[in-house]
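The values are calculated or read from the model by the stated rules, or taken from the named source; none is laboratory data. Only a predicted model underlies this, so the values are computations on that prediction, with no experimental measurement involved. Glycine also receives a Cβ, built like all others from the backbone with ideal geometry; neighbour counts cover every protein chain displayed.
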């Protein structure tokens, strides 16, 4: 029997970027907030320290900061007519666990979507005609515009101390920045981080082809910086250990460093860790949630926490699962196209390559994931798709992200992978190669979705989320086009040798690709096309707000976190300025 | 290693005794030290501190030692895999929480999936390697005149691993190709992980690459070393402890 606790103003489920931003904004508005996090507390003073972090085996290989799959995972299949099987250890994507969530171990590439991305269906219809969009491509416009989100992008930039070079400041183009970006109201808080030799060669080659290279924007401060919460960030040390680990320099943004210190001293905020939320308690008649049920993983005790307002800010899978389990909104059915919960699961379609420069010294162990240059000439609607046979695109970049010795080595094809001659090949090539990536969009497809698995359960007895996902013909065509353009730049760099890699036909759950999972609780203009309205308020439960990339209608050609943070501030503003004064639907269906 | 220079029986006995001696708190028998050193020695000097295996059986340890020495042969760039501690690393990893299947979803039903669905066996990494070694030895016995993998001449060991890598070795009820991938992966991890885990002894792996290890604070070095090799005597976590 669950112990019923005293009602609280607001409960926030999941302490990643969205959850901490909402917690902060709600306490500022005077609410008493309980933050529930199923994983451990991760306090930088304990965990983000040297020498502990310089351990590739612990963090990168054994995934210290990632979700414990023995407690919870998902099942996966490529198509609706196949049997799904559990992902026994995450591979393709790596959701985090504990305070900070996936915001600790991310690579901190910090992008905004294009203004045209937010109205992609309309733009494609206007430019190429409604018939040009395949029936199975279930894309839709965002119910919010770039201009509306811009001030919130700016707030998130400042929270994170983002480093970059503006390309469009209030409509004025600035040389050296991304000329395709939406107008920014302010410069990046910090100057662009340094660049490596490989990315510098890429930049010159791209320019020679008439493209527009610029430094990749990163949520890693290039200099000491005080964010608007009064927290002092350090400067990047270019340690090369960023990905899958934390930052001891307090340069790479994380909820733990950039926001949690304020919440930890906030009397209106209470953090409960190892609190596994099993269920939203839903009053269907009243169209509201009355609270949440959770298990204290330290004692096994069950609790019911009544709340006036619930913010659901776990990962894409958890958000979708909670709504499906509680019966909030209609579950999506790919056969009929009806229903919305679980619909439009999307991902990032990345392909890449490497170039080898015999005899050059790139010192690849010095770096940061965003220490690179990119071109945005083939993203979204930055280029004409007439006659190409696909929609979408992505940025193309060359980065020096660090080269940890277990996983960060790469050899030309034909060199031995072991045995006689292998070490000589490593010694020859390890320090003289550079890498490329294309950050391809994924435009939603009718058959890519999430529902509840009929067979497999988590450690608390709940059905796992079942992911049905595969690459589409559009994805492959789009990606091959990007790879071709990338190859053109690589050739112009004149390497000794290079390789490019198109993606295999089927999406596979191993190896790692990106943690850019999106969709499942998409936002839209009415309950027929979405789970949440433009303020991330659930149509069928007005006091429930869903945060995170699960609200994206589709995934564009950029890393998702910048937009995720902007949406959190946008949603928080609607709650504190409007909803709290008169609780009820913010948009009338 | 010449084919029959070390009587296997003696090696197994020695390694087994070493484990027992440690467990019982006894001094390591001289014979075990000698045989272990002999087994590990190739062109490189014997490892200064021959550590006992705590997870692998003597038979498994012999397989792993032979495998890592074939994947990472001694040459002018480094001692052999086992002399760099890679076999000990694997022994410790398989005995760790990871080796026991920590953070891994292990509920059934267990079904054979498509390759796209990833690992679907009930086995923990430790169990997986045990089953893989058994299957590999059964295959080499069938293919190479009754010999376990560690008893093969160096050229045959290479041929055997190649056959596994290319999926040409037909193990009974076990994927040779997948096993090779795991074996190769954990061997590379052992050669390149921080030496605190038992492998990469004397930072041998890092020296091959020119990887400087810790502390990795380069803000003042990126520009100073543009197109110029940054050379540092690599340092490990233990060097700062």
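Taken over the stretch B:78-130, residues that are more than 8 Å from every other protein chain (Cβ to nearest Cβ) and either closer than 30 Å to residue B:207 by Cα or not in a loop (DSSP other than H, G, I, E, B) (or both) amount to 26.
Looking only at residues in the stretch A:243-253 that are within 13 Å of chain B (Cβ to nearest Cβ) and within 18 Å of residue A:565 (Cβ to Cβ), which one is surrounded by the fewest Cβ atoms within 10 Å (Cβ to Cβ)? Lay out the reasoning, then the answer.
Initial filter on the stretch A:243-253 (within 13 Å of chain B (Cβ to nearest Cβ)): A:245, A:247-249, A:251.
Next, only the ones that are within 18 Å of residue A:565 (Cβ to Cβ) stay: A:247, A:251.
Details: A:247: 27, A:251: 30.
Here the residue is A:247.
With the requirement that a residue be part of a loop (DSSP other than H, G, I, E, B), in contact with a helix residue (DSSP H, G or I) (Cβ under 7 Å, 6 or more places away or on another chain), surrounded by 24 or more Cβ atoms within 10 Å (Cβ to Cβ) and more than 13 Å from chain B (Cβ to nearest Cβ), what does the stretch A:333-378 give you? The one that is part of a loop (DSSP other than H, G, I, E, B), in contact with a helix residue (DSSP H, G or I) (Cβ under 7 Å, 6 or more places away or on another chain), surrounded by 24 or more Cβ atoms within 10 Å (Cβ to Cβ) and more than 13 Å from chain B (Cβ to nearest Cβ): A:342.
Go over the candidates B:145, B:135 one by one and state the one that is out of contact with any helix residue (DSSP H, G or I) (no Cβ under 6 Å at 6 or more places or on another chain), surrounded by fewer than 16 Cβ atoms within 10 Å (Cβ to Cβ) and more than 14 Å from every other protein chain (Cβ to nearest Cβ). Break it down into steps so the answer makes sense when it comes.
Working: B:135 fails: surrounded by fewer than 16 Cβ atoms within 10 Å (Cβ to Cβ).
Every option except B:145 fails the conditions.
For the stretch B:185-241, the set of residues classified as part of a helix (DSSP H, G or I) and facing chain A (nearest Cβ under 7 Å) consists of B:188, B:189, B:192, B:197, B:205, B:206, B:208, B:209, B:237, B:240, listed by residue number.
Within the stretch A:405-426, how many residues turn out to be surrounded by 15 or more Cβ atoms within 10 Å (Cβ to Cβ) and in contact with a helix residue (DSSP H, G or I) (Cβ under 7 Å, 6 or more places away or on another chain)? Can you show your working first?
Residues of the stretch A:405-426 surrounded by 15 or more Cβ atoms within 10 Å (Cβ to Cβ): A:405-412, A:415, A:418-419, A:422-426.
If we keep only those that are in contact with a helix residue (DSSP H, G or I) (Cβ under 7 Å, 6 or more places away or on another chain) as well, we get A:405-407, A:409, A:411-412, A:415, A:418-419, A:423, A:426.
Residues in the stretch A:405-426 being surrounded by 15 or more Cβ atoms within 10 Å (Cβ to Cβ) and in contact with a helix residue (DSSP H, G or I) (Cβ under 7 Å, 6 or more places away or on another chain): 11 in total.
For the stretch A:254-273, filtering for residues that are surrounded by fewer than 18 Cβ atoms within 10 Å (Cβ to Cβ) and either modelled with pLDDT under 95 or closer than 24 Å to residue A:301 by Cα (or both) leaves 2. State whether the residues of the stretch A:195-214 include one that is under 30 Å from residue A:403 (Cα atoms), under 22 Å from the mean Cα position of the chain (by Cα) and surrounded by 23 or more Cβ atoms within 10 Å (Cβ to Cβ). Taking every residue of the stretch A:195-214 in turn, at least one turns out to be under 30 Å from residue A:403 (Cα atoms), under 22 Å from the mean Cα position of the chain (by Cα) and surrounded by 23 or more Cβ atoms within 10 Å (Cβ to Cβ). For the stretch A:80-118, how many residues meet the condition of being within 14 Å of another protein chain (Cβ to nearest Cβ) and in a loop (DSSP other than H, G, I, E, B)? Number satisfying all stated conditions: 15. Of all residues assigned to the stretch A:42-49, at least one qualifies as being assigned to a loop (DSSP other than H, G, I, E, B) and within 12 Å of another protein chain (Cβ to nearest Cβ).
Is there a residue in the stretch B:167-176 that is more than 11 Å from chain A (Cβ to nearest Cβ), over 19 Å from residue A:422 (Cβ atoms) and in a helix (DSSP H, G or I)? Among the residues of the stretch B:167-176, at least one is more than 11 Å from chain A (Cβ to nearest Cβ), over 19 Å from residue A:422 (Cβ atoms) and in a helix (DSSP H, G or I), which makes the answer yes.
Being more than 14 Å from residue A:160 (Cβ to Cβ) and surrounded by fewer than 24 Cβ atoms within 10 Å (Cβ to Cβ) holds for only one residue in A:231, A:174, and it is A:174.
Considering each residue of the stretch B:149-161 in turn, at least one proves to be at the interface with chain A (Cβ under 10 Å from one of its Cβ atoms), within 30 Å of residue A:506 (Cα to Cα), assigned to a helix (DSSP H, G or I) and touching a helix residue (DSSP H, G or I) at 6+ places or on another chain (Cβ under 9 Å). Going by the structure shown, is residue A:148 more than 19 Å from the chain's Cα centre (by Cα) and closer than 26 Å to residue A:12 by Cα? Yes; evaluated as a whole, the condition is true for this residue.
Those residues that are in a strand (DSSP E or B) and within 14 Å of another protein chain (Cβ to nearest Cβ), I need them from the stretch A:385-414; list them, please.
Across the stretch A:385-414, the qualifying residue is only A:399.
Any idea which of A:79, A:84 is buried (at least 23 other Cβ atoms within 10 Å of the Cβ), modelled with pLDDT of 95 or more and out of contact with any helix residue (DSSP H, G or I) (no Cβ under 7 Å at 6 or more places or on another chain)? Selected residue: A:84, the only one of A:79, A:84 that is buried (at least 23 other Cβ atoms within 10 Å of the Cβ), modelled with pLDDT of 95 or more and out of contact with any helix residue (DSSP H, G or I) (no Cβ under 7 Å at 6 or more places or on another chain).
Please verify whether the stretch A:268-277 includes one or more residues that are farther than 26 Å from residue A:73 by Cβ and touching a helix residue (DSSP H, G or I) at 6+ places or on another chain (Cβ under 7 Å). Outline the logic, then answer.
If we filter the stretch A:268-277 for residues that are farther than 26 Å from residue A:73 by Cβ, which is where we start, we get A:268-270.
Narrowing further to those that are touching a helix residue (DSSP H, G or I) at 6+ places or on another chain (Cβ under 7 Å): A:268-269.
Among the residues of the stretch A:268-277, at least one is farther than 26 Å from residue A:73 by Cβ and touching a helix residue (DSSP H, G or I) at 6+ places or on another chain (Cβ under 7 Å), which makes the answer yes.
Might you let me know whether the stretch A:449-467 holds any residue that is out of contact with any strand residue (DSSP E or B) (no Cβ under 7 Å at 6 or more places or on another chain) and part of a strand (DSSP E or B)? Yes, some residue in the stretch A:449-467 is out of contact with any strand residue (DSSP E or B) (no Cβ under 7 Å at 6 or more places or on another chain) and part of a strand (DSSP E or B). Restricting attention to the stretch A:384-398, does a residue exist that is closer than 30 Å to residue A:496 by Cα, touching a residue at least 60 places away in the same chain (Cβ under 8 Å), surrounded by fewer than 22 Cβ atoms within 10 Å (Cβ to Cβ) and within 19 Å of the chain's Cα centre (by Cα)? Among the residues of the stretch A:384-398, not one is closer than 30 Å to residue A:496 by Cα, touching a residue at least 60 places away in the same chain (Cβ under 8 Å), surrounded by fewer than 22 Cβ atoms within 10 Å (Cβ to Cβ) and within 19 Å of the chain's Cα centre (by Cα), which makes the answer no. When residues in the stretch A:1-24 are screened for being crowded, with 19+ Cβ neighbours inside 10 Å and either closer than 22 Å to residue A:561 by Cα or in contact with a helix residue (DSSP H, G or I) (Cβ under 9 Å, 6 or more places away or on another chain) (or both), 14 of them pass.
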